[in-house]
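Shown next, in structure tokens, is the structure this report addresses.
The values are calculated or read from the model by the stated rules, or taken from the named source; none is laboratory data. Predicted model, so just to flag it, every value in this text is computed and none were measured. Backbone-built Cβ (ideal geometry, glycine too); neighbour counts: all protein chains shown.
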Amino acid sequence: MNESKDTIDQFRVPPLPAVFIRVLQYDPSSKDSGTHEMEAIISPDKSICAEVLRVANSAFYGRSGKVTTLKDAITLLGLKSVKNLIILLQSKVINKNLRLELLRKYSNEVPVLTALIAHDLCKIVEKESYRDDAFVAGLLHGIGNSILAMNKALEYYNILNKYEKEGGSLIDLEKTAFQTDHTELGEKVFRLWKLPEQYSVMVANYMFPPDKVSDMSDLTRITSLAGFLARKLEGLRVDSAAEERAKAIMQFYQAEDKVNTTFNENYFQALKLHPFYEQVMAS
């Protein structure tokens, strides 16, 4: 019997909506891409259309109440931002029933903060071509946490609470309770959903040993560092292994000073005004 299938069969994994799959496959940088194509993909889903319009009319974009059509909203936000917004909305749907604050932090707040940091981090480490992939990777890297929280809410809350108070290894605590952990589960969910291989590889290697930093992909390194920075800014525990891994990544890119001076409390306060962050906090 397939061990991978056995493990994932213990958990309810929501199917991906057709709109999400089409958006994930959509390449905004393609010469054939345009507002009309994106509008055709998302227009059948009225809830997504409403959220795109709401974000376009947010104070962040300075057009409050003036954007009235989906086409104008897509034009204002840009194809890449609309794609990222729709992926964010799907992650909100997966986590919509989480009520305990610690579960929401791990499953909702940290992923969106990781995504936004990863997007900005690409510029600092001179990998700007990865910005959109890094945003998606940051947003989805915690899907294993979400599946555990969705299926075993109280039990997983107690595990996270124990980890936050006492430290140790979150992976070990998860394996003891569920015979799997959030990274292993995340990789299996990505494969079940048939997401692009680069995301499965990223989540499988996300917690790599620091001495393997040069063996990792840029997407894995950037997402891992962004996740570390997100947890620090959220006031969550970061263990010594995460500290060492983050330092190895910063040294690899020769960007330690830039990273430490950029992603501070002032950055976090400014980021809280971003409509994507507000989306998550309002849910």
*Restricting attention to segment 187-198, report how many residues are under 21 Å from Val19 (Cα atoms) and buried (at least 18 other Cβ atoms within 10 Å of the Cβ).*
4
*Checking Gly142 against (1) surrounded by fewer than 23 Cβ atoms within 10 Å (Cβ to Cβ); (2) under 12 Å from the mean Cα position of the chain (by Cα), the condition it does not meet*: (1)
*asked:* List pairs: first residue in segment 71-83 and without any contact (Cβ under 8 Å) to a residue 60 or more places away in the chain, second residue hydroxyl-bearing (Ser, Thr, Tyr) and not in a helix (DSSP H, G or I) anywhere in the structure, Cβ distance under 7 angstrom, at least six positions apart or on different chains.
replied: Leu79/Ser33
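Looking only at residues in segment 114-129 that are in contact (Cβ under 8 Å) with a residue 40 or more places away in the chain and farther than 12 Å from Tyr253 by Cβ, which one is surrounded by the fewest Cβ atoms within 10 Å (Cβ to Cβ)?
Per the criteria, the residue is Asp120.
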*State all residues of segment 149-183 that are in contact (Cβ under 8 Å) with a residue 40 or more places away in the chain and under 16 Å from the mean Cα position of the chain (by Cα); if no residue qualifies, say none.*
Ala149, His182
*Hey, among Arg245, Arg237, which residue is farther than 18 Å from Phe135 by Cβ, charged (D, E, K, R), at pLDDT 95 or above and buried (at least 20 other Cβ atoms within 10 Å of the Cβ)?*
Arg245
*Only one residue in Arg99, Arg131 is of a type outside the set (Gly, Ala, Ser), over 21 Å from Glu184 (Cα atoms) and not in a helix (DSSP H, G or I). Which one?*
Arg99
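Could you grab me the full set of residues in segment 86-97 that are out of contact with any Phe, Trp or Tyr (no Cβ under 6 Å at 6 or more places or on another chain) and either in contact (Cβ under 8 Å) with a residue 60 or more places away in the chain or crowded, with 21+ Cβ neighbours inside 10 Å (or both)?
Ile86, Ile87, Leu89, Ser91, Lys92, Val93, Ile94, Asn95, Lys96
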